[in-house]
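Where a number appears in this text, it was derived from the coordinates with a stated rule and is not lab data. In this text the structure is predicted, and so the values were computed from the model without any measurement. Ideal geometry is used to build each Cβ from the backbone, glycine not excepted, and the neighbour counts take in all protein chains shown.
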Amino acid sequence: MSLKATAENIDRLLPQTQCERCGYEGCRPYAEAIAANTADINRCPPGGEEIIAALAELLDVPAKPLDPECGEHPAPIVALIDEETCIGCTRCIQACPVDAIVGAAKLMHTVIAAECTGCELCLPPCPVDCIDLVSVQRPAPATAEPEPDDTIEALRRRHLAAAERRAADQARQRFNAREARLDAERNARDSRRRARQAAQADANRQSEIEAMVAAVRARRAGRQQP
């Protein structure tokens, strides 16, 4: 199996919290590091023992305890914004990896609880400390389901509850959509910058030409004087 395919399979097992506690900027980069054998399988606190076991089974390696340097396996949480304290700075919106916070500059922000992964990345940028973390009910444990033909889906069903699988798939889609949007915005900014630079270069060239033409005309006028 190719490195890319292995990373894809690993990513399908990760919880898609996008919390960066593993030391990588999202679940996909962590999956790619595991596939490249540059990261261990026990660095995902949100996934905990179940994800470690699933990764161990997928990669045919021994399971191991969660790496304490990455933190403990957390209880399910979502962010909650104190709307009376929020100043509308948009910093939390920019930090959210799955676009689960909505609002506009200088207007109240709010968290879409059903989309929040509990990554906590919105907390550090908030200048007025108006974001709290509240506990939510943990999904019921995985139950026996018919084995699908897809090996990775079979692993997911053995180790993850249906609600956890749906949440992970949804978070992955929102994360990928956000990344695509940010890439498009960066490309648009780059295009506008290049257009401004080209326009400025044209203007500079035109100014140089006009200056040279003026100089030639001045020399001609000087020669024509008696």
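Evaluate E = 1/(1 + (r/R0)^6) for Arg186 and Val61, where r is the Cβ-Cβ distance and R0 equals 41 Å; express this FRET efficiency to the nearest 0.05.
Numbers: r = 37 Å, r/R0 = 0.91.
For Arg186 and Val61, the calculated efficiency is 0.65.
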**OP:** State, to one decimal in nm, how far the label point of Leu3 lies from the label point of Asp169, with both points 7 Å from Cα in the Cβ direction.
**Re:** 3.0
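Show me the helices of the chain, taken as full DSSP H stretches, that run 20 Å or more along their long axis by Cα and average -0.5 or above in Kyte-Doolittle hydropathy.
Details: long enough: 162-224 (92 Å, -1.36).
None clear 20 Å together with a mean of -0.5.
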Original post:
What number, in percent, do you get for the relative contact order of the chain if the mean sequence gap of Cα pairs under 8 Å and at least 6 apart is divided by its residue count?
Top reply: 17
Subject >> With at most 15 neighbouring Cβ atoms within 10 Å, loop GluC sites (Glu not before Pro) (DSSP) excluded, longest segment of the chain >> reply: 85-226
Subject >> Under 5 Å, built H, 5+ apart or other chain: amide partners of Ile77 >> reply: Val136
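Treating the beta-carbon of each Lys and Arg as +1 and of each Asp and Glu as -1, no other charges, what is the dipole magnitude of the chain about its Cα centre, to the nearest 20 debye?
Values: 29 positive and 35 negative charges, 430 e Å.
Taking the Cα centre of the chain as origin, the dipole is about 2060 debye.
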Subject >> Selected from Ala188, Asn9, Val213, residue furthest toward positive end of dipole (the chain; charges at beta carbon) >> reply: Val213
Original post:
So who's got an amide H within less than 5 Å of the one on Ala39, skipping anything under 5 residues away but keeping other chains? H placed 1.01 Å off N, in plane.
Top reply: Ile34
**OP:** Please say if the chain is rounded, prolate or oblate, where rounded means a/c under 1.5 for a ≥ b ≥ c the square roots of the C-alpha gyration tensor eigenvalues, and otherwise the choice is prolate for a/b larger than b/c and oblate otherwise?
**Re:** prolate
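Using a Förster radius of 30 Å, what is the FRET efficiency between Arg217 and Arg196 based on their Cβ-Cβ separation? Nearest 0.05, please.
The calculated FRET efficiency here is 0.45.
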